[in-house]
Amino acid sequence: MITVAICDSDSLQRKHIAELADIILKKCSVEHKIFSFEDGKGLSDFVFAKGNVCDIAFLSIDPDSKSGLALSLKLTDRFPEMQMILVTAYVENARNIYTVKYADFLVTPLNADNLQLVLTRAVQNVTKVRSSYITLNYDNCVTVLNTNEIKYCESAGRRLVVHTLSGTYISYIKISDITNLLPSNFVRIHKSYVVNFDYVTAIYPYAVRLSDGSEISVPQKKYRGVKEEYALYSENR
């Protein structure tokens, strides 16, 4: 599922972008949701206050408008993986725009072919990013984690505890669901644990030891399979 946000004070242009984006994404068989906002406050509340994830954002911007530039900077700073597509009619005065980290640029009046090009490219970038990052939601807070820094995930009742190099994070997500989101070096060694083999230094009956010295038990029934998976992983590392 890819989430697209469109922020434009021009209702006709906002509707036009939404309709074209819907056609393009359906044509590419991309499951998606599109949300439209008439101002930056609506988009800001959607992402920051309500904790929603936005993969691709079309943001109409006037290079002389400090509020629009400030929002785009805030979004890309907090969510560096977000594909920001800036939309403007002021290309000749666009020097200020280059202070913003953006994925692509559209000049109005919009051309359907150009929109298809930048949107397709953004979808490809989202797909690449998702192999390296996951997004967690907890108490209306959105946290983006680099999967390379995750040591292991632990199921604790209704919550999932994610242990990383920089600290511990909590989210309401099933361990089976996060396992499906993580790359192949993450293995579910226990009904309550998913471990990143990159941080495993030893495996023995019936536990694995991580590089930080912590140990996680492996059920006897799963031990042989986990040991074989780790041996294969080590050979191909």
Those residues of the stretch 185-218 that are aliphatic (A, V, I, L, M), within 14 Å of residue 154 (Cα to Cα) and under 26 Å from the mean Cα position of the chain (by Cα) come to a total of 4
Filter the stretch 108-140 for residues that are of a type in the set (A, V, I, L, M) and in contact (Cβ under 8 Å) with a residue 60 or more places away in the chain; which is surrounded by the fewest Cβ atoms within 10 Å (Cβ to Cβ)?
-> 112
Does any residue of the stretch 219-229 turn out to be without any contact (Cβ under 8 Å) to a residue 60 or more places away in the chain and outside any helix (DSSP H, G or I)?
-> yes
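Can you give me the ranges of the helices (runs of 4 or more DSSP H) entirely in the stretch 1-87 with at least 3 residues that are more than 23 Å from the chain's Cα centre (by Cα)?
Working: elements: 11-27, 40-44, 66-78.
Per the criteria, 11-27.
If only one of 189, 216, 203 is touching a residue at least 60 places away in the same chain (Cβ under 8 Å) and either part of a strand (DSSP E or B) or among the hydrophobic types (A, V, I, L, M, F, W, C) (or both), which one is it?
Details: 189 fails: touching a residue at least 60 places away in the same chain (Cβ under 8 Å); 203 fails: touching a residue at least 60 places away in the same chain (Cβ under 8 Å).
Answer to the selection: 216.
Is it fair to say residue 120 is at pLDDT 90 or above and either within 30 Å of residue 90 (Cβ to Cβ) or not in a strand (DSSP E or B) (or both)?
yes
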Is it the case that residue 153 is under 18 Å from the mean Cα position of the chain (by Cα), modelled with pLDDT of 95 or more and either crowded, with 17+ Cβ neighbours inside 10 Å or within 24 Å of residue 47 (Cβ to Cβ) (or both)?
-> yes
Note on the stretch 162-186: residues crowded, with 17+ Cβ neighbours inside 10 Å and assigned to a strand (DSSP E or B) are 162, 163, 164, 169, 171, 186
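The values are calculated or read from the model by the stated rules, or taken from the named source; none is laboratory data. None of the values given here were measured: they were computed from a predicted structure. A quick note on method: Cβ atoms are made from the backbone with ideal geometry, for glycine too, and the neighbour counts reach across all protein chains shown.
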